[in-house]
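The values are calculated or read from the model by the stated rules, or taken from the named source; none is laboratory data. Remember, predicted model here, so these are calculated numbers, not experimental data. Reconstructed Cβ throughout: ideal geometry from the backbone, glycine too, with neighbour counts over all protein chains shown.
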Amino acid sequence: MPAVTHPNWLQLPRIGPPIPQAIDRPVERLVTAPSLLEGAGFPVRRPFPSREIGFRNADPFLLLDHLGAVEYAPGEAKGAPWHPHRGFETVTYIIDGVMQHRDSQGGGGLITNGDTQWMTAGSGILHDELPTEELVRTGGLFHGIQLWVNLPRRLKWTPPRYQSLASHHVTLVSSEHGDALLRIIAGELDGHKGPGVTWTPVTVVHATLNPGSLLQVPWPQHFNTLIYVLSGAGTVSSAGVLMHEGQGAQMGFGDIITIAASTERTGPSDTMEVLLLGGRPIGEPIASYGPFVMNTHAEIVQAFNDYQEGRMGNIPAQEFHPGG
Ligand code: MN
């Protein structure tokens, strides 16, 4: 798994032991992420929004798509061709493989092997998110996530902005006993800060747990908290709720998160890979339709009009192929 790692986790800064009397967050809602097709027809697993975990449970997060892991055959890889966004942020974290990105402001680049692109769509932007020509031609492994983070009303009209968070800028720490690796992409964990800058308090962490390891991390009480298992299996919370690849949980109230990796091999590798998501709820009314997330239905109608009138930008001329 090429997401950034470290040759000796024991040399990394460690998370401290939990404070005495720390309240362990229980699993409040558990979901096996349904599979669906996105964009031009690539399969994703979406733990939320779902019947089990709605906008209110996930606030300030709106959506999580687990892309792969998939071993594409030649000619099979697909992406999401030109489309708009307004009113929130898209966070694309690629663990294996490459995604190519272009936008209506002339920006673009590759997101690969542990990189994160944090895009504030704000007032509106058009972009496309595609596998590289090489990946389409040769096929290969592809694995990543896309997370949508909501913006408060006052920031829905902020100009679009990118943060390219290269894999080598991700903050690496290890668990108390050095047997789990934590990649802090954004926000803060036990005083360690990730490179991503967020508009409201948000923490995004990708954890790798060795078989049999125990991970306990302090977590702000006021955060809504979601856990998603990218691969492998283990138990979550002191109640030992079994979770495996493709399952998500909304956690209840507490100060710490507890995860214990299975001692048996349960996935493509020996490790348990987990996404830890936390954020202060922003309590916004949500009007959501397709690529737009606003506060009211009228603002959604306006977004469609603005998109059709070209007020969110236009597809660059060299990318426009009439008739296909
Ligand atoms: Mn998009």
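Quick look at the values:
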| quantity | calculated |
| --- | --- |
| Residue match in the stretch 140-155 (condition: of a type outside the set (Phe, Trp, Tyr), more than 13 Å from the ligand (Cβ to nearest atom) and farther than 30 Å from Pro281 by Cα) | yes |
| Wholly enclosed strands (runs of 3 or more DSSP E) of the stretch 1-49 bearing at least 1 residues in contact with a Leu (Cβ under 6 Å, 6 or more places away or on another chain) | 42-48 |
| Among the candidates Phe88, Phe55, residue that is of a type in the set (Phe, Trp, Tyr), closer than 22 Å to Phe223 by Cβ and away from the ligand (no atom under 16 Å from the Cβ) | Phe55 |
| The lone exception for Leu130 - which of (1) modelled with pLDDT under 95; (2) away from the ligand (no atom under 13 Å from the Cβ); (3) among the aliphatic types (A, V, I, L, M) it fails | (2) |
| Ala69, sole failed condition from (1) surrounded by fewer than 20 Cβ atoms within 10 Å (Cβ to Cβ); (2) closer than 19 Å to Leu151 by Cβ | (2) |
| Residues that are in contact with a Pro (Cβ under 6 Å, 6 or more places away or on another chain) and either within 16 Å of Ala121 (Cα to Cα) or within 16 Å of the ligand (Cβ to nearest atom) (or both), drawn from the stretch 277-310 | Pro291, Asn295, Tyr307 |
| Yes/no for His66 being touching a residue at least 24 places away in the same chain (Cβ under 8 Å), more than 16 Å from the ligand (Cβ to nearest atom) and within 30 Å of Gly232 (Cα to Cα) | no |
| Flag for Gly144 being in contact with a helix residue (DSSP H, G or I) (Cβ under 6 Å, 6 or more places away or on another chain) and either touching a residue at least 40 places away in the same chain (Cβ under 8 Å) or outside any strand (DSSP E or B) (or both) | no |
| Selection from the stretch 86-108 of residues that are out of contact with any His (no Cβ under 6 Å at 6 or more places or on another chain), assigned to a strand (DSSP E or B) and under 11 Å from Asp128 (Cα atoms) | Met99, Gln100, His101, Arg102 |
| Some residue of the stretch 216-239 being among the hydroxyl-bearing types (Ser, Thr, Tyr), closer than 29 Å to Pro84 by Cα and modelled with pLDDT of 95 or more | yes |
| Where Pro159 falls short, out of the listed (1) farther than 21 Å from Pro49 by Cβ; (2) within 16 Å of the chain's Cα centre (by Cα); (3) in a loop (DSSP other than H, G, I, E, B) | (2) |
| Residue match in the stretch 73-85 (condition: more than 12 Å from the chain's Cα centre (by Cα), within 11 Å of the ligand (Cβ to nearest atom) and crowded, with 24+ Cβ neighbours inside 10 Å) | yes |
